[in-house]
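In what follows, a single structure is set out as structure tokens and then discussed.
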There are 2 protein chains.
Amino acid sequence: MSWKTKSSIAEKRKAVLESLEKFGSSLYEQMARGVFPSIEMPSRSIDNIYYHPELRQYVLGEKRVRRTARNIRHIRPFTQLVWAAFFSHELTSQRKTSTLRDVYYSAQAYEMSFKDQQESNAIITDLETVLGWSREDFNIFPEERSAIFGDLTIEYTVPGYEGRTLNLTSHPDGVMIGPALTSAEFVKTSADKVIAIEKGGLFTRFIEERVHERFNALLVLTAGQAPRATRHFIHRLNKELGLPVYIFTDGDPWGMHIAMVIISGSANAAHVRELTTPDAKWSGVWATDIVKYKLPTDPLSDIDFKRLRELQRDPRYKDELWQREIKTFMKIGRKAEQEAFSRYGLTFIVDEYLPAKLEEA
Amino acid sequence: MSWKTKSSIAEKRKAVLESLEKFGSSLYEQMARGVFPSIEMPSRSIDNIYYHPELRQYVLGEKRVRRTARNIRHIRPFTQLVWAAFFSHELTSQRKTSTLRDVYYSAQAYEMSFKDQQESNAIITDLETVLGWSREDFNIFPEERSAIFGDLTIEYTVPGYEGRTLNLTSHPDGVMIGPALTSAEFVKTSADKVIAIEKGGLFTRFIEERVHERFNALLVLTAGQAPRATRHFIHRLNKELGLPVYIFTDGDPWGMHIAMVIISGSANAAHVRELTTPDAKWSGVWATDIVKYKLPTDPLSDIDFKRLRELQRDPRYKDELWQREIKTFMKIGRKAEQEAFSRYGLTFIVDEYLPAKLEEA
């Protein structure tokens, strides 16, 4: 398959800059009209966060909050938000990337005071809510990096690399998913699916066993809980390239939730889209796989049980498969890691388990 | 600078296989002579671990332990060790990589019993001690991945990529340091130094600000405590290419120790070489930098103070610079992160701080 979506990233960047500028103009306009400037946005308080069954993610309800320079208690967060918009505009227009922590310290260069990083993080989330863009769209990236490997050719849009292409099989340890890859255009792929894997060792095993060729797959390493940039990248692979996504994690409540956050996101990100892949499938290790494959296990701890009971009540977990697996975990009282398949030899997971699970899905 | 060290990796692999085979032969020979086979190795008990001031790392002393199949209490660890050697030989000769966790589960495929992963980890460490090679040399790699970026051309030796080269500027998010990169040959570089950086956000900043070009440097992301494979890779850059190494971490006892483990290794690895880079320099963030640059700080916690007192007594920290910085930390009672320089603008760290520190060193 070959195509060009060339303009999408450039257009998005333009749209982000425009929405930042529009935000600034609206403040100027209000002042020109002689009124105290104010900002309105959806409320992110818990009573305004709902699970949306069709979107299959959390969303914000109708409640809105208003920050106005007229109210003395609002002046501080109001000013911080305006600064955050200014700084994000600087980053985006100058094509520099940053992190949440960096934003906190950068504020001091402008004598903008945040009492701690929590406060500056919350303001960045406000800005996401006001604009409807993710912070990665205005070049604020997570520290963590994960990786991808497989036959996908991308074209960079970052300064110094514009127009250069890279095929993601070029480095057999995997290609890091950072700001440059996240903002790359997709050029060409022969893959017909995405397989996301929790653990680094297994990711390497999959590459060594040529899973990308044998199963026509792009392999994504989530490295535990997938960083936001990686979740966004998986979303793009699914939406832009139409590739189905299969997620393999450890067989325990924490592994389930790594998959779920890729699929349906978190309540914290109810104000943004594009971080979820609702059609992605959690393909294992299921509790029922533990039984079926007689895997070596460890007992579930009290914390594991507590977590399972939480997930049982979580609206994202209401589907039959999830409920069945949660119940099975509780019944067997055991958990298993992905590597447990090595009890049948190093390549069993690739030769037997993976094809069986892909067929099942 | 251009050269070929082509044979080094292939020769090492051969030497590793030979030493595994020699180990196996010695057991057979003993049995052929009609004696119970036994294995001797340096003791790794605490009373046999010494700091070696010239090597500037921990080493094992003269005490040796002997495991013999004659002693019923030895039979279990003896058998486990023989299996570990067999399995390592399988991995190395078949060119498959693995992880410590995978080894634990793989044992079950051979009905070799380990009561938990701790036990199998200890046996792998025994094998390192017996052979004098690191587990990475027999293809057992850490889960964690870090990254490198800069003008270094490498040539792969892993199956499917033999002879293919990659320039490490090819992906502007950085090139992952995994088994394939670790086992690659060095072909060519224009760099005259290595700069190792603790944090992902700053690593990206350095790439964006073209530190690799402006300072002729290879940039290494340690991503917190550097994984063993990364420490070994830094060692190779220093030994094989003769490049000096400068390490930049957060300004706190934990950052200091990230640098120290790259420089002098850990007591746990007293039985192996090639994981240390004794001539590498910790270039910052020093406690004295915090004062000099008036950085935004946080107070040291009780745990930070406790850690500083431990480091003060640690033989690796006996040099004047380390002692001075430990004292200064205690005196000011504050710590600062690398990102704190952003208070002077995003590029201050690259434009002002970095050149000043490189000149100083």
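Quick one: is A:Val220 within 14 Å of chain B (Cβ to nearest Cβ), under 18 Å from A:Ser283 (Cα atoms), crowded, with 21+ Cβ neighbours inside 10 Å and of a type in the set (Val, Ile, Thr)?
yes
Hey, which of the helices (runs of 4 or more DSSP H) in the stretch A:89-193, taking only ones fully inside, have at least 1 residues that are farther than 21 Å from B:Ile148 by Cβ?
Qualifying helices (runs of 4 or more DSSP H): A:100-109, A:117-131.
Given the structure, is A:Phe78 away from chain B (no Cβ under 14 Å), free of Cβ contacts under 8 Å to residues at least 60 places away in the same chain, within 27 Å of A:Lys14 (Cα to Cα) and among the aromatic types (Phe, Trp, Tyr)?
It is true that A:Phe78 is away from chain B (no Cβ under 14 Å), free of Cβ contacts under 8 Å to residues at least 60 places away in the same chain, within 27 Å of A:Lys14 (Cα to Cα) and among the aromatic types (Phe, Trp, Tyr).
A:Thr97: within 14 Å of chain B (Cβ to nearest Cβ) and either more than 17 Å from A:Lys22 (Cα to Cα) or of a type in the set (Phe, Trp, Tyr) (or both), yes or no?
Yes: the conditions hold for A:Thr97.
Among the residues of the stretch A:314-332, write down those that are more than 22 Å from the chain's Cα centre (by Cα) and under 15 Å from A:Pro53 (Cα atoms).
Matches in the stretch A:314-332: A:Glu320 only.
Can you confirm whether A:Phe86 is closer than 30 Å to B:Val211 by Cβ, out of contact with any helix residue (DSSP H, G or I) (no Cβ under 7 Å at 6 or more places or on another chain) and within 14 Å of chain B (Cβ to nearest Cβ)?
Yes, satisfied.
Somewhere in the stretch A:264-284, is a residue in a helix (DSSP H, G or I), crowded, with 22+ Cβ neighbours inside 10 Å and assigned by TED's automatic domain parsing to the domain that holds A:Val350?
The answer is yes; a qualifying residue exists.
Results for (1) out of contact with any helix residue (DSSP H, G or I) (no Cβ under 7 Å at 6 or more places or on another chain); (2) hydroxyl-bearing (Ser, Thr, Tyr), shown as yes or no for each residue.
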residue	(1), (2)
A:Gln80	no, no
A:Thr92	no, yes
A:Thr97	no, yes
A:Ser106	no, yes
A:Met112	no, no
A:Lys115	yes, no
A:Glu128	no, no
A:Gly132	yes, no
A:Pro142	no, no
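When the stretch B:223-234 is examined, which residues are found to be within 11 Å of another protein chain (Cβ to nearest Cβ) and not in a loop (DSSP other than H, G, I, E, B)?
The one that is within 11 Å of another protein chain (Cβ to nearest Cβ) and not in a loop (DSSP other than H, G, I, E, B): B:Ala229.
Please work out if B:Ile124 is outside the structural domain of B:Arg13 (by TED's automatic domain parsing) and either modelled with pLDDT of 95 or more or among the small types (Gly, Ala, Ser) (or both).
No, not satisfied.
Name the one entry in B:Ala69, B:Ala85 that is without any contact (Cβ under 8 Å) to a residue 40 or more places away in the chain, surrounded by 15 or more Cβ atoms within 10 Å (Cβ to Cβ) and of a type outside the set (S, T, N, Q).
Being without any contact (Cβ under 8 Å) to a residue 40 or more places away in the chain, surrounded by 15 or more Cβ atoms within 10 Å (Cβ to Cβ) and of a type outside the set (S, T, N, Q) holds for just one of B:Ala69, B:Ala85, which is B:Ala69.
Might you let me know whether the stretch A:205-214 holds any residue that is surrounded by 24 or more Cβ atoms within 10 Å (Cβ to Cβ), in a loop (DSSP other than H, G, I, E, B) and in contact (Cβ under 8 Å) with a residue 60 or more places away in the chain?
no
What is the one condition in (1) at pLDDT below 95; (2) in a helix (DSSP H, G or I); (3) among the hydrophobic types (A, V, I, L, M, F, W, C); (4) under 30 Å from A:Arg316 (Cα atoms) that A:Leu55 does not satisfy?
(2)
Which residue, of B:Glu128, B:Glu111, B:Glu40, B:Glu90, is among the acidic types (Asp, Glu) and more than 30 Å from A:Ile207 (Cβ to Cβ)?
Going through B:Glu128, B:Glu111, B:Glu40, B:Glu90 in turn, just one is among the acidic types (Asp, Glu) and more than 30 Å from A:Ile207 (Cβ to Cβ): B:Glu40.
Can you tell me which of A:Ser113, A:Ser170, A:Ser106 is of a type in the set (S, T, N, Q), more than 28 Å from A:Ala361 (Cα to Cα) and more than 8 Å from chain B (Cβ to nearest Cβ)?
A:Ser113
Is it true that some residue in the stretch B:97-114 is touching a residue at least 60 places away in the same chain (Cβ under 8 Å) and at positive phi?
no
Hey, does the stretch B:55-62 have a residue that's among the aliphatic types (A, V, I, L, M), within 14 Å of chain A (Cβ to nearest Cβ), touching a strand residue (DSSP E or B) at 6+ places or on another chain (Cβ under 6 Å) and closer than 25 Å to B:Val16 by Cα?
Looking for residues that are among the aliphatic types (A, V, I, L, M), within 14 Å of chain A (Cβ to nearest Cβ), touching a strand residue (DSSP E or B) at 6+ places or on another chain (Cβ under 6 Å) and closer than 25 Å to B:Val16 by Cα, one finds none in the stretch B:55-62, hence no.
Given the condition in a helix (DSSP H, G or I) and touching a Pro at 6+ places or on another chain (Cβ under 6 Å), answer yes or no: does some residue in the stretch B:61-71 qualify?
No, there is no match, as no residue in the stretch B:61-71 is in a helix (DSSP H, G or I) and touching a Pro at 6+ places or on another chain (Cβ under 6 Å).
Take the residues of the stretch B:147-161 that are facing chain A (nearest Cβ under 9 Å) and of a type outside the set (A, V, I, L, M, F, W, C): which is nearest to the chain's Cα centre (by Cα)?
B:Tyr156
Mind telling me which of the residues A:Ile177, A:Ile124 ends up being out of contact with any strand residue (DSSP E or B) (no Cβ under 6 Å at 6 or more places or on another chain), crowded, with 19+ Cβ neighbours inside 10 Å and of a type outside the set (S, T, N, Q)?
Of A:Ile177, A:Ile124, the one residue that is out of contact with any strand residue (DSSP E or B) (no Cβ under 6 Å at 6 or more places or on another chain), crowded, with 19+ Cβ neighbours inside 10 Å and of a type outside the set (S, T, N, Q) is A:Ile124.
Within the stretch B:235-252, which residues are under 16 Å from B:Ala147 (Cα atoms) and assigned to a helix (DSSP H, G or I)?
B:His235, B:Arg236, B:Leu237
Mind telling me which of the residues A:Lys306, A:Lys335 ends up being among the basic types (Lys, Arg) and within 14 Å of chain B (Cβ to nearest Cβ)?
Answer to the check: A:Lys335.
Touching a helix residue (DSSP H, G or I) at 6+ places or on another chain (Cβ under 6 Å), away from every other protein chain (no Cβ under 13 Å) and buried (at least 19 other Cβ atoms within 10 Å of the Cβ): is that true of A:Glu136 in this structure?
No.
Cβ-Cβ distance below 7 Å, separation of 6 or more or different chains: which pairs start in the stretch A:164-176 with a residue that is closer than 12 Å to B:Gly160 by Cβ and end on one that is among the β-branched types (Val, Ile, Thr) and in a loop (DSSP other than H, G, I, E, B)?
A:Pro172/B:Val158
Would you mind telling me which numbered condition in (1) under 19 Å from the mean Cα position of the chain (by Cα); (2) under 28 Å from A:Thr222 (Cβ atoms) B:Glu208 fails?
Result: B:Glu208 fails condition (1) only.
The values are calculated or read from the model by the stated rules, or taken from the named source; none is laboratory data. On a predicted model such as this, the values are computed, not experimentally measured, just so you know. Reconstructed Cβ throughout: ideal geometry from the backbone, glycine too, with neighbour counts over all protein chains shown.
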